[in-house]
Amino acid sequence: MKFKLIAFILSMAGSVIPQPDKYEPVRDKMVKTQIQDRGIFNIEVLEAMKKVPRHLFVPKEYVDEAYNDYPLPIGYGQTISQPYIVAYMTEALKPGKKKKALEIGTGSGYQAAILGEICNRVYTIEIVPELAKESAARLKRLGYTNITCKYGDGYKGWPEFAPYDLIIVTAAPETIPQPLIDQLAEGGRLIVPVGPASAVQELILITKKNGRTESKRLTFVRFVPFKRL
Ligand code: SAH
């Protein structure tokens, strides 16, 4: 009995213990109508999106809109992505419980939390100091012990923990930062919106096989610009 309890506690490590909240039915509906019905089938992605309390990642005045089908402002001119885009990008990265992820653009910390539910470890970098501080505190408060946050310019990646099985960039650079390609593991996947700041951008998926990279254009998107320090 004691052993079973310890095994259970260990199995929860790095994962949030679900707290019932009044948004649960709204969250389930969001996953069904905005995500599943649009063709996202990865069960781990669907489960993570059902579990992470998105309303705790948006400013107070937007809490009631947190599960709606659009991005929301998070302050400092930045946005939390539309739920479907988060699910689409996460699925494209083929996440898994043995994988190590790097995110550039922590923002609210929501995408990091989704990855934290599925992957072994997540490293995430944010260039706006206030957002870096707020999201690190939020992820800690929610119990994500497998997510490490830092403030800085993500252009150079995070060489200390490289290589990464998956890398996600949630702000749009005009060209893909080479250090991120270099820090991708063999068999790894990198997803990044590429294009000019004030126009539509293209979501690009880079895969690395036998040391060579292949690039695939997925769809058109609109992200906030990638900044440099
Ligand atoms: N993934 C976020 C979405 C944030 S929007 C979420 O789930 O909420 C994109 C974020 O990228 C912004 O917070 C912006 O400040 C940040 N950003 C832009 N350029 C960056 C850079 N060079 N390095 C790190 N973060 C950057």
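Could you pull out the residue among G152, G157, G211, G195 that is small (G, A, S) and closer than 24 Å to E117 by Cβ? Show your work before the answer.
Working: G152 fails: closer than 24 Å to E117 by Cβ; G211 fails: closer than 24 Å to E117 by Cβ; G195 fails: closer than 24 Å to E117 by Cβ.
Only one candidate passes the filter, namely G157.
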Self-check item: Residues (of a type in the set (G, A, S), more than 19 Å from V224 (Cβ to Cβ) and in contact with a strand residue (DSSP E or B) (Cβ under 9 Å, 6 or more places away or on another chain)) located in the stretch 40-93
Solution: A92
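Here's the yes/no breakdown for (1) free of Cβ contacts under 8 Å to residues at least 60 places away in the same chain; (2) more than 12 Å from the ligand (Cβ to nearest atom):
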| residue | (1), (2) |
| --- | --- |
| F57 | no, no |
| P71 | yes, no |
| V86 | yes, no |
| K94 | no, yes |
| K100 | no, yes |
| I114 | no, no |
| E117 | no, yes |
| V122 | yes, no |
| I125 | yes, no |
Quiz prompt | Pick from the stretch 180-226, criterion surrounded by 15 or more Cβ atoms within 10 Å (Cβ to Cβ) and of a type in the set (D, E, K, R), ranking: nearest to Y70 (Cα to Cα) | solution = R222
Self-check item: From K216, K227, residue being in contact with a Leu (Cβ under 8 Å, 6 or more places away or on another chain) and at pLDDT 95 or above
Solution: K216
Quiz item: Restricting the stretch 167-199 to residues that are over 26 Å from G109 (Cβ atoms) and assigned to a loop (DSSP other than H, G, I, E, B), which is modelled with the highest pLDDT?
Solution: T175
Quiz item: Are there any pairs, at least 6 apart or on different chains, whose C-beta atoms fall under 7 Å, with the first in the stretch 148-163 and closer than 14 Å to Q183 by Cβ and the second of a type outside the set (V, I, T) and surrounded by fewer than 14 Cβ atoms within 10 Å (Cβ to Cβ), and if so, which?
Solution: Y155/R228
Quiz item: For V63, which of the numbered conditions (1) β-branched (V, I, T); (2) without any contact (Cβ under 8 Å) to a residue 12 or more places away in the chain; (3) within 17 Å of E117 (Cα to Cα); (4) in contact with a Phe, Trp or Tyr (Cβ under 9 Å, 6 or more places away or on another chain) fails to hold?
Solution: (3)
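Which of the residues that make up the stretch 132-155 are over 15 Å from the mean Cα position of the chain (by Cα) and either crowded, with 16+ Cβ neighbours inside 10 Å or farther than 20 Å from V194 by Cβ (or both)? Full working, then the answer.
First, pick out the residues of the stretch 132-155 that are over 15 Å from the mean Cα position of the chain (by Cα): 133-134, 137, 140-143, 145, 151-153, 155.
Answer for the stretch 132-155, where residues must be over 15 Å from the mean Cα position of the chain (by Cα) and either crowded, with 16+ Cβ neighbours inside 10 Å or farther than 20 Å from V194 by Cβ (or both): K133, E134, A137, K140, R141, L142, G143, T145, Y151, G152, Y155.
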Exercise. Scan the stretch 179-195 and report the pairs whose first residue is under 17 Å from R217 (Cα atoms) and whose second residue is hydroxyl-bearing (S, T, Y) and assigned to a strand (DSSP E or B), with Cβ atoms within less than 8 Å and a gap of 6+ or a chain change.
Key: I181/T213; G188/Y164; G188/T207; R189/T207; L190/T207
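Using the structure shown, decide if T106 is assigned to a loop (DSSP other than H, G, I, E, B) and either modelled with pLDDT under 95 or within 13 Å of the ligand (Cβ to nearest atom) (or both).
Numbers: assigned to a loop (DSSP other than H, G, I, E, B): yes; either modelled with pLDDT under 95 or within 13 Å of the ligand (Cβ to nearest atom) (or both): yes.
So T106 fits the description; yes.
The values are calculated or read from the model by the stated rules, or taken from the named source; none is laboratory data. Since the structure is predicted, the reported quantities are computational estimates derived from the model, not experimental observations. A quick note on method: Cβ atoms are made from the backbone with ideal geometry, for glycine too, and the neighbour counts reach across all protein chains shown.
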